[in-house]
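Working notes, beginning with the structure itself.
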Amino acid sequence: MGQRANPGIQARCRAFSPRLLCSATGGRAAFDSVGPSRNPSLMTAARDPTRRFSQRVESYARHRPGYPVEVIELLRREAGLRPGAVVADIGSGTGIFSRLLLDAGASVLAVEPDPAMRAAAEEALGSRSNFRSVAGRAEATGLDAACADLVTAAQAFHWFEPSAAREELRRLLRPGGWVALVWNARRLGGTPFLTHYEELLLRHGTDYSKVRHEAVEATRIDSFFAPCPVRRASYPNVQRLDLEGLRGRVTSSSYVPFEGQPGFGVMMRELDELFRAHERGGWVEIVYDTNVYYGQLEGTSAS
């Protein structure tokens, strides 16, 4: 089991005018004192944000939410996504967003620095002729210049170094190309379950408050696109989870303890209690706002 989408809620969309109402984040913060010093692989993750998910790949691939179809429809209408278009998906992870781009008929260059995450995407998508997996990062993708009609970064931009990434993405884009930054921003309240779930993460997260993508100043995305305008659209997105799925969703996050670390057992016991208190028919719902920031970069817009 695990999770099930709610198409009725996903289908209701809210679109916003082309002004910046950002929620992204930016630091490359290290883990707090819980655990990393006891495990060399965790010390590597603390030093290098591109390895934060290396030990969470299975949970990430199985239990992270997808993205509403409205995101793809938006990119079709306004950002050059079409059959045959070349899309560089930066920080592509296990390929969750890459799959949607492939289904839209695009050729996808999936750029991912983490070998374990990249391997999961290759296993899932490698048989598709329009998919290419690339070892690289936003600041140095290794791709050819002027290779992409569209660059996307789903649940990834907050790990980038903005200035270096901006120059690299400008190099990749063909004239008239677009950039789209996408996040599933979990709602922190609105239902008793969501409120208590957020409280649980605040209690048990290692560096949760430092690395949440919603914590970044709005000016970071504004500066990334400047002087070109940035547009925003937002769509509700609901993830329905049984207990296995909820456990997997939590452990897919880089800011919670690993199994065997101090605090993991207590956290999972509290999570089970939370599920039992709020499940309806064996399910709980995590509600997100899927936020899309899209625009062109100076020097790449069509003349």
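The values are calculated or read from the model by the stated rules, or taken from the named source; none is laboratory data. Because the structure is a prediction, the values reported are computed rather than measured. Glycine also receives a Cβ, built like all others from the backbone with ideal geometry; neighbour counts cover every protein chain displayed.
Kindly check whether there is at least one residue in the range 138-157 that is under 14 Å from the mean Cα position of the chain (by Cα) and hydroxyl-bearing (Ser, Thr, Tyr). Scanning the range 138-157, I find at least one residue that is under 14 Å from the mean Cα position of the chain (by Cα) and hydroxyl-bearing (Ser, Thr, Tyr), so the answer is yes. None of Ser54, Ser33, Ser92 is at pLDDT below 50, of a type outside the set (A, V, I, L, M, F, W, C), under 20 Å from Phe160 (Cβ atoms) and not in a helix (DSSP H, G or I) except Ser54. Out of the range 215-258, which residues are more than 22 Å from Ser163 (Cβ to Cβ), assigned to a loop (DSSP other than H, G, I, E, B), in contact with a Gly (Cβ under 7 Å, 6 or more places away or on another chain) and not aromatic (Phe, Trp, Tyr)? The answer is Asp242, Val256, Pro257. Which residue is modelled with the lowest pLDDT, if the candidates are limited to the range 162-186 and must be surrounded by 15 or more Cβ atoms within 10 Å (Cβ to Cβ) and of a type in the set (D, E, K, R)? Within the range 162-186, the match that is modelled with the lowest pLDDT is Arg186. Screening the range 100-180 for strands (runs of 3 or more DSSP E) wholly inside it with 1 or more residues that are closer than 23 Å to Pro68 by Cα and small (Gly, Ala, Ser) returns the ranges 107-112, 148-154.
If I filter the range 271-303 down to residues being part of a loop (DSSP other than H, G, I, E, B) and without any contact (Cβ under 8 Å) to a residue 40 or more places away in the chain, which single residue comes out as farthest from the chain's Cα centre (by Cα)? Here the answer is Gly281. Among all residues of the range 238-256, there is at least one that is modelled with pLDDT under 95, surrounded by 19 or more Cβ atoms within 10 Å (Cβ to Cβ), within 25 Å of the chain's Cα centre (by Cα) and among the aliphatic types (A, V, I, L, M).
Based on this model, can you work out whether Tyr235 counts as of a type in the set (Ser, Thr, Tyr) and more than 25 Å from Ile72 (Cβ to Cβ)? When the stated conditions are applied, Tyr235 does not pass them. Residues in the range 192-213 that are at pLDDT below 95 and either polar (S, T, N, Q) or farther than 21 Å from Leu246 by Cα (or both): Thr206, Ser209, Lys210. Could you tell me whether the range 127-135 includes any residue that is hydroxyl-bearing (Ser, Thr, Tyr) and closer than 18 Å to Asn291 by Cβ? Among the residues of the range 127-135, not one is hydroxyl-bearing (Ser, Thr, Tyr) and closer than 18 Å to Asn291 by Cβ, which makes the answer no. Scanning the range 181-211 for residues that are in a helix (DSSP H, G or I) and among the hydroxyl-bearing types (Ser, Thr, Tyr), we see that the one that is farthest from Phe264 (Cα to Cα) is Thr195.
The number of residues in the range 58-84 that are buried (at least 17 other Cβ atoms within 10 Å of the Cβ) and not in a helix (DSSP H, G or I) comes to 8.
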